[in-house]
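Working notes, structure below.
The values are calculated or read from the model by the stated rules, or taken from the named source; none is laboratory data. Keep in mind that what you see is a predicted model, and the values were worked out from it rather than measured. As a convention, Cβ positions derive from the backbone with ideal geometry for all residues, glycine included, and neighbour counts pool all protein chains shown.
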Amino acid sequence: MFPKWFMKWNRENPTNIYAPAIAVGVVGAAVFVAASLVAIGQPYATDSMQTGPRGTGMSVPEFEADLATPDPDIALLIEDEPFLPEEGEELAGDIYENVQVLGDLTDANFNRLMGAMTRWVAPEQGCAYCHGDGDLDTYGEDNLYTKVVARRMIQMTQNINENWDGHVNANKEVGVTCMTCHRGENVPSDIWFKITPVNERVEGWAAVQNRATSLSQYTSLPSDALEAYLLDDQVIGVHDLESRVAGIPGEDGYPGIQQAERTYSLMNYVSNALGVNCVFCHNSRAFYDGSQVTPQWATESLGITMVQEMNNDYLVPLKDVYPAERLGPVHQDAPKAACKTCHKGHQQPLQGANVIQYWPELATTGAPDYGQ
């Protein structure tokens with residue numbers, strides 16, 4: 001069929017035709033798989049929650065697989081209906097010694113709540129974690145720091161549920177209990193201590209740089225953002241809207257570059273703590289304009305003020321109660337809370353599970369509402 005000279009040339013110059021064929025086959029298979037995925041649907045589909053006007057990119061995307069996966073800590077929640085008090089029933093404050101909070105509960109509800117707190121905070125140590133190894137006659141003593149701290153934490157929890165409803169129950173009733181932060185651990189995860197200063201002078205030039213730390217979300221932003229805004233009540237501010245200002249930023253009432261960096265550090269922390277992006281709270285075209293923010297901005301602002309109160313009124317004053325091993329490694333300060341202590345990467349702690357429904361004793365500093 002072919003000329004003799006052509007056949008002779010092919011015999012003398014053999015060519016490997018298999019490698020190109022394999023390459024073409026692999027590329028073709030990849031194209032086929034990609035086209036099939038587009039036609040059938042991506043295996044890791046995403047869903048998004050619109051947080052602002054359409055067309056502005058204001059949405060929070062999440063993998064549908066993640067949305068369908070429950071927080072494993074939800075399985076640790078305790079469903080235990082309270083006992084409806086009966087007229088004339090003896091109260092815990094009349095039965096036990098040194099009951100400074102929860103004394104107006106009936107004996108049954110008091111012990112029901114104590115049992116739940118043990119499972120929330122000290123499931124391995126049991127009652128002895130706060131009361132020691134003595135018999136029931138010694139339970140009224142305040143010999144262990146854990147009992148003193150627990151008493152104050154009950155008061156803090158009641159205060160949060162009673163006075164910070166706008167943050168805690170912004171979408172629906174969920175409330176908070178010891179479980180919200182502790183999740184079966186003696187010490188909640190994601191507490192924080194002061195570690196500043198952690199900046200250093202860069203070799204070869206005079207600039208002082210921030211070191212990457214866990215508190216700065218492993219960026220080179222300042223590591224004192226939680227200290228500044230969740231403890232010291234400093235004003236969060238990034239810039240002035242005027243291109244020229246009559247004064248020196250940072251000195252004449254204008255936010256300086258350090259405040260801007262510190263603000264970005266806090267915003268990074270909040271984003272990671274809630275598992276969201278910037279437009280969860282802010283308008284993408286007007287970050288600075290409070291009149292164009294989303295409803296979540298107000299909820300988060302309340303949360304920041306709430307955490308300031310938690311730290312300054314409840315947690316920091318316990319410094320002298322804690323043993324040395326419970327204090328911070330640098331400044332020997334008391335452990336403090338921040339957004340991630342409760343949220344742990346979710347928009348709502350425990351993905352919005354109603355943790356307070358069985359524990360009206362923790363919902364108010366007054367008499368519990370048992371729905372009678």
Check your understanding: Quick check: is even one residue across the range 328-347 in contact with a His (Cβ under 6 Å, 6 or more places away or on another chain), at pLDDT 95 or above and under 19 Å from Y269 (Cα atoms)?
Key -> no
Check your understanding: Say we look at the range 260-291 and pick out the residues that are touching a residue at least 24 places away in the same chain (Cβ under 8 Å) and polar (S, T, N, Q); which of these is nearest to V235 (Cα to Cα)?
Key -> T263
Revision key, fill the gap. Here the residues within the range 160-204 that are within 19 Å of I78 (Cβ to Cβ) and charged (D, E, K, R) are E173, R183, E185
Exercise for review: Could you list all residues from the range 320-372 that are part of a loop (DSSP other than H, G, I, E, B) and among the hydroxyl-bearing types (S, T, Y)?
Suggested key: Y322, Y358, T364, T365, Y370
Study note, to complete from the structure: Note: among Y145, Y139, just one is of a type in the set (S, T, Y), surrounded by fewer than 19 Cβ atoms within 10 Å (Cβ to Cβ) and either at pLDDT 95 or above or more than 22 Å from Y322 (Cβ to Cβ) (or both), namely Y145
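Here is a yes/no grid of residues against (1) touching a strand residue (DSSP E or B) at 6+ places or on another chain (Cβ under 6 Å); (2) part of a loop (DSSP other than H, G, I, E, B); (3) of a type outside the set (V, I, T); (4) at pLDDT 95 or above:
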residue: M153; (1), (2), (3), (4): no, no, yes, yes
residue: T157; (1), (2), (3), (4): no, no, no, yes
residue: Y254; (1), (2), (3), (4): no, yes, yes, no
residue: R262; (1), (2), (3), (4): no, no, yes, no
Revision key, fill the gap. Checked the range 122-150 for anything more than 25 Å from P317 (Cβ to Cβ), of a type in the set (D, E) and assigned to a loop (DSSP other than H, G, I, E, B); matches are E124, D133, D135
Check your understanding: Considering the range 92-125 alone, what residues qualify as being among the acidic types (D, E) and free of Cβ contacts under 8 Å to residues at least 40 places away in the same chain?
Key -> D94, D107, E124
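Residues are listed down the side, and each one gets a yes or a no for (1) loosely packed, with under 10 Cβ neighbours inside 10 Å; (2) at pLDDT 90 or above; (3) closer than 30 Å to D289 by Cα:
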{"site": "I40", "(1), (2), (3)": "yes, no, no"}
{"site": "I78", "(1), (2), (3)": "no, no, no"}
{"site": "P82", "(1), (2), (3)": "no, yes, no"}
{"site": "N98", "(1), (2), (3)": "no, yes, no"}
{"site": "G115", "(1), (2), (3)": "no, yes, no"}
{"site": "T118", "(1), (2), (3)": "no, yes, no"}
{"site": "A122", "(1), (2), (3)": "no, yes, no"}
{"site": "H131", "(1), (2), (3)": "no, yes, no"}
Check your understanding: Among D232, D190, D240, which is the only one that is modelled with pLDDT under 90 and assigned to a loop (DSSP other than H, G, I, E, B)?
Key -> D240
